[in-house]
There are 2 protein chains.
Amino acid sequence: MKTTKQYGKHADAALGMWVKLARAYATFNRETVKDIRRYGLTQPQFGALECLGHLGAMTIGDLSRKMLVSGGNMTCVVDNLEKEGLVRREHSHEDRRAVIVALTEKGDTLFQEIFPEHAERITQLAAVLSEAEQAELSRLLKKLGQALAD
Amino acid sequence: MKTTKQYGKHADAALGMWVKLARAYATFNRETVKDIRRYGLTQPQFGALECLGHLGAMTIGDLSRKMLVSGGNMTCVVDNLEKEGLVRREHSHEDRRAVIVALTEKGDTLFQEIFPEHAERITQLAAVLSEAEQAELSRLLKKLGQALAD
DNA sequence: TCATTATGCTTTAAGTTTAAAATATATGGA
DNA sequence: TCCATATATTTTAAACTTAAAGCATAATGA
């Protein structure tokens, strides 16, 4: 959304940057969602599958923190993945409050199959930028994201 | 989420970039949501208010396209804004299918009051990057976002 | 002119998302 | 040891989000 009003040079630059960040994210995300839908998954479900597939079993709390979403939300996502037989819940022996979630064999098989294809699609989408541009964008985004994470 | 698996040099770079984009967005967004909540609004509500405040009355379809969300969703957002007396719906004379949504006086007053403060907050958040970095980030994000919008 | 196709908004159903509340468990200090 | 505080997960309520369906209106072509 293009602002026509002036709020100061610094503010206008910052607002413009934020708008472009939000739009680039929304647009890129829409394409990834389209790809993921081919596998019968929603994006949050795919994200959880990916997290578990790469990093292994973990508590729901850890999963929600890695994915930057709330615990209540992750409960819902895991509920649906469990319904599809892609993950299983186990209670932790170390801490009886905690629930460990892991990929089932079915879930791991699906992950192994679809992640490379999805990675290929992400590569295609990112190809509008050169390698150097991708690297620079990564550097700046990392700087922005990490500074605000504190 | 850090991938430990190798999918090829190009794919790894693209995946890394996408992860950083998603995380930077999520983190920056969380901060903007926190600011907006001070005014008793949700983020989508604030976005609609901002759009109407800057660009004036428009159809619900136009609004949803500018905000890159679905029409069904915008109906819901506008419903709640209408409930708060911040916007009003009017039927279009040119096209009787269309609904025009505009800020009420109450809505405009609120917008005029809170947007400058919010802009200030965005400026603060963006200040972890230099002016040059902000400009470069904007350029790359614009390039990425526009290429995918086609 | 009329029928077919397209389009605008709303509703529906399912999933996501949050903060806060609820319940059980763990931790730390007196 | 005991109690206050903290924490893990789930539930609840409200809002968001999508695609598809529904309904009304507009556009187009025979």
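Taking every residue in B:60-69, how many Cβ atoms of other protein chains lie within 10 Å of its Cβ, on average?
Mean number of neighbouring Cβ atoms from other chains: 2.
By count of other Cβ within 10 Å, fewest leading, how are B:19, B:101 ordered?
Going from sparsest to densest Cβ surroundings: B:19, B:101.
Per residue of A:6-12, count partner chain C-beta atoms within 10 Å of its C-beta, then hand back the mean as an integer.
5
Among the trypsin sites (Lys or Arg not before Pro) in the stretch A:69-144, which ones are in a DSSP loop with at most 13 other Cβ atoms within 10 Å of the Cβ? Mind listing them?
Those satisfying the criteria are A:96, A:97.
Please compute, for the alpha-carbon atoms of the stretch B:1-80, the extent along each of the three principal axes and give them in descending order in Å.
Result, largest extent first: 49, 28, 21 Å.
For labels at residue B:105 and residue A:75 in the simple 7 Å Cα→Cβ model, what's the distance in nm?
Rounded to a tenth, the inter-label distance reads 4.6 nm.
Counting only the backbone N, which residues of the stretch B:46-77 are under 12 Å from the spot 7 Å out from the Cα of residue B:83 toward its beta-carbon?
B:76-77
Taking the stretch A:42-82 as the region of interest, what is the percent of Cα-Cα pairs per 10 angstrom bin, listed from the shortest bin to the one with the maximum distance?
32, 65, 2
Relative contact order of chain A: what whole-number percent is it, with Cα pairs under 8 angstrom and at least 6 residues apart?
Averaging sequence separation for qualifying contacts and normalising by length gives 19 percent for chain A.
Equivalent ellipsoid semi-axes for the protein assembly as shown, as square roots of 5 times the alpha carbon gyration tensor eigenvalues: give them largest first, rounded to whole Å.
35, 24, 20
Expressed as cubic angstrom per residue, what is the convex hull volume of the alpha carbon set of chain A?
Measuring per residue, one finds 157 Å³ for the Cα hull of chain A.
Roughly how crowded by other chains is peptide A:113-120, in terms of the mean Cβ count from those chains within 10 Å of each of its Cβ atoms?
Rounded to a whole number, the mean comes out at 3.
Can you compute the FRET efficiency between residue B:117 and residue B:55 using 1/(1 + (r/R0)^6), with r the Cβ-Cβ distance and R0 = 22 Å? Round to the nearest 0.05.
Step by step, r from the Cβ atoms, then E = 0.65.
Using only alpha carbon pairs under 8 Å that are at least six residues apart, calculate the relative contact order of the stretch A:46-125 and give it in whole percent.
32
Using DSSP to define loop residues, name the GluC sites (Glu not before Pro) in the stretch A:60-115 whose beta-carbon has at most 10 other beta-carbon atoms within 10 Å.
Answer in residue order: A:94.
Where the centre of each part is set by its Cα atoms, how far does the stretch B:117-145 sit from the stretch A:29-53, in angstrom?
Centre-to-centre distance over Cα atoms comes out at 28 Å.
Taken together, the values in this text are just the output of simple stated rules run on the coordinates, not laboratory data. All figures in this text were calculated on a predicted structure; none of them were measured in a lab. Cβ coordinates were reconstructed from backbone atoms using ideal geometry, including for glycine residues, and neighbour counts include every protein chain displayed.
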